[in-house]
Structures are given as C-alpha cells and as structure tokens.
Amino acid sequence: MRLRKKSKSPPALSHEFIIQNHADAVSCLAMGLLLGLMFEATAKTAIIFITVQYNVTYTTDDKSEPVYFYEYGPKDMATIFFYMLIAIILHAVIQEYILDKINRRLHLSKTKHSKFNESGQLAFFYLFSFVWGASILSAEEFTTNPTLLWKDYPHPRMFFQVKFFYICQIAYWLHALPELYFQKIRKEDIPRQLQYICLYIAHLSGAYILNLHRLGLILLVPHYLVELIFHASRLFYFSDENKQKGFTLWALQFVMARLLTLTLSVLTFGFGLARAENPGFSIADGNFNTLPVRISCLAAICLTQAWMMWKFINFQLKKWREHTQNQIPKKKTNTKIKATKKESCKSKYSFYIYIPIQSTKCRGGRIWIYHS
C-alpha cells in the first residue's frame, strides 16, 4: 500500500501562509498587548489599547455617588485597533467551528458557499449588536422623548456602554476590510462588500465624532434588526430553498426602517438642531451645529437611504422576473399534462352495444358486445 503524501505547508510569508495563519498571528499580537499590563514599564502604554479612555467624573452633591462619563479623543484609535484584533479572532473562531461544519453538511456550491459564510458572520454580529444596542436604549430616555435627540446639544459626554458600543462597532467594520483578503473573497463580490463596509464606517464615525451618538444609536438598532432578519432568512434559504417566508417579513421591515430613518433625520437636522439655542462651530466644545454640517449630514443620510431603496427595488424586480420566468414553463407543462389526460380519456372511453339475435340456443335473447 502506498503511503499518503503529506500536504506541503506553504512557504513562509507567502500569501497562502498569511491567510492560513492570520488568526494565530493576530492572537499573538493581542496576547502581547495583554501581557504588557503585567510590567510597569509597558503598563501605561498597553492600557491605552485595552481600556476605554477619557473618563470624566461628575458629582452633583457631596452625599450623592459620582457619575462617570466618557468623551472621545485621539487615543481611541489605539482602543479601536485592539478590538479590531479581537474581531478578527472571533471571525476566525466562528468560521472554523460553526460555519465550516455546517457547510460540509449542506454541500453548497462555491457561489452559495461564499454567500453563506458572509450571511453567517453578519447574522452573528447583527444579533449581538441588536441585543446590546436594545439594552442600551432601554435605559435611555430619548426613546420615549425624541426632543432629547437635539435638546441641549452638543452631547460630548457618553456613558461607558455607549462609548464602548461605538468603539466595538467601528472596530468590527474596520476588521472587515482585511477580512476581504483573509477570506479570499471573490473579485466579483469585493465592490459590493466594500460599499456597505465603507458606508458603515463613515456613518458610525460621523455620529461618534459629531456628538450625534444618540441619533446614531436609535437609528442603528432597528436597522440591525432588519439586517438580522434578512441574513437569517438567507441562511434558512440556503438550507432549504422552499423556506422564503422570511424575505417577505424582511421586505416589510426594510421599508419601515427607511421611513423611520428619514423621519428622525429630518426632525433632528431640519427642525431640532436648526432651532437649538447654541448654534455654532467649536471643536473644543464638540459643537458642530452649523448649517453646512447639518445639510451635509442630512444629505448623506438621505442619499444612503435612497441608494438602499433603489437596490431594494431592483432586487424585488429581479426576483419577480425570475418567478414569472419559472412560472411560464410550469404552465406549459401543466397544459401538456391536461392535453395528454384528455387524449387518454378519449382513448379509454368505452360503451356497450347490444344486438338482438335469434338463435336456437338463445332465441329472443340479446348479446352485449363490448367496444372500445
């Protein structure tokens, strides 16, 4: 018997070597940053990467407990970089231990395989982000009183959960850029994925820097719910093509989310911030309430929603055309089946004829002759 040849490992620092071992390399880098906390010489530098920076403490009375708020600054880039490494590690874990095992059972094609991996990763992220964002919104007051979205603007101070949420969101979408290389995404899919990745990074960074985190949070949570429904429905569709009811629910929620986004954006930028008591531009105070900034933000949101609706309408029209094209051959086959049934019925139609005869044996009798 011949021995099986061992698969040769790719040469060091080659593309295949980096793709296969990128999760291990990133894990070593993250572990090195964590080990930096153990030594006094490197602890001050390592803590910038791991913990949330720019905390501010406020006390209203001598007896009351202090309230901790957070602001943003340039050190947040180091924190975002560290959690981007964590996102790459989690991406590799989900891919290897969950999605790859399911793919082996489903035996999908290459096109469906890449789409299944994309929807699987995004479904996990949207589920986690929606639950986390909804828990933050449940503790906020502006969900019941929309005037708090623009009242007393600017809002430079954030609670820990709000700031950490935005840092993790920006870190995740930044990690999606190198994942296009690590996951060997097809060239045909790269432009489409780059579009929504860059849009997420731009909108999240804008809401974070311009102190519009309240508006960004209340718009992001329902949007993530809609995307979660879509990618979950996509996963069920790949497992069984007859399961398509989830896409109908997604279509309804998609239109409602777009209307909610446009309504709150127009109220905030067109009416709320335009009538605020402290308009002006001040980077030190975090005040960006000027007409050019408001018009730019509102235009960016409206153009993005219009682009999403355009792609949604084209997607629905494409599915409708495919459905009608599939129905035409079905109707032809049904008519052929009906025609063959009628011909078979005519050929099988039978009747009886009786002929009166006279014979010695059965005089006056009648013989029934079967004819078909």
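The values are calculated or read from the model by the stated rules, or taken from the named source; none is laboratory data. Everything quoted here is computed from the prediction, not taken from an experiment. As a convention, Cβ positions derive from the backbone with ideal geometry for all residues, glycine included, and neighbour counts pool all protein chains shown.
Quick notes on this structure:
- Residues of the stretch 257-266 that turn out to be touching a residue at least 24 places away in the same chain (Cβ under 8 Å) and over 15 Å from Phe142 (Cβ atoms), as a count: 5
- Restricting attention to the stretch 161-208, the residues being surrounded by fewer than 14 Cβ atoms within 10 Å (Cβ to Cβ) and either aromatic (Phe, Trp, Tyr) or within 21 Å of Ser265 (Cα to Cα) (or both) number 3.
- Output for the stretch 98-132, where each listed residue is modelled with pLDDT of 95 or more and among the aromatic types (Phe, Trp, Tyr): Phe124, Phe125, Tyr126, Phe128, Phe130, Trp132
- Among the residues making up the stretch 33-57, those that are assigned to a helix (DSSP H, G or I) and closer than 15 Å to Pro74 by Cβ are Thr45, Ile48, Phe49.
- Looking only at the stretch 281-292, and only at residues there that are of a type in the set (A, V, I, L, M, F, W, C) and surrounded by fewer than 17 Cβ atoms within 10 Å (Cβ to Cβ), the one that is farthest from Leu199 (Cα to Cα): Ala284
- Flag: Ala251 matches the condition of being assigned to a helix (DSSP H, G or I), modelled with pLDDT of 90 or more, under 30 Å from Thr147 (Cα atoms) and touching a helix residue (DSSP H, G or I) at 6+ places or on another chain (Cβ under 9 Å).
- Condition check for Ala87: more than 20 Å from Gly206 (Cβ to Cβ), in contact with a Cys (Cβ under 9 Å, 6 or more places away or on another chain) and surrounded by 18 or more Cβ atoms within 10 Å (Cβ to Cβ): yes
- The residues listed here are Phe269, Phe238; of these, the one that is touching a Leu at 6+ places or on another chain (Cβ under 8 Å), part of a helix (DSSP H, G or I), more than 25 Å from Gly133 (Cβ to Cβ) and in contact (Cβ under 8 Å) with a residue 24 or more places away in the chain is Phe238.
Yes or no, residue by residue, for (1) modelled with pLDDT under 90; (2) surrounded by 10 or more Cβ atoms within 10 Å (Cβ to Cβ); (3) over 30 Å from Glu241 (Cβ atoms):
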| site | (1), (2), (3) |
| --- | --- |
| Leu264 | no, yes, yes |
| Pro279 | yes, yes, yes |
| Leu298 | no, yes, yes |
| Asn326 | yes, no, no |
| Lys331 | yes, no, no |
| Asn334 | yes, yes, no |
| Lys341 | yes, yes, no |
| Gln358 | yes, no, yes |
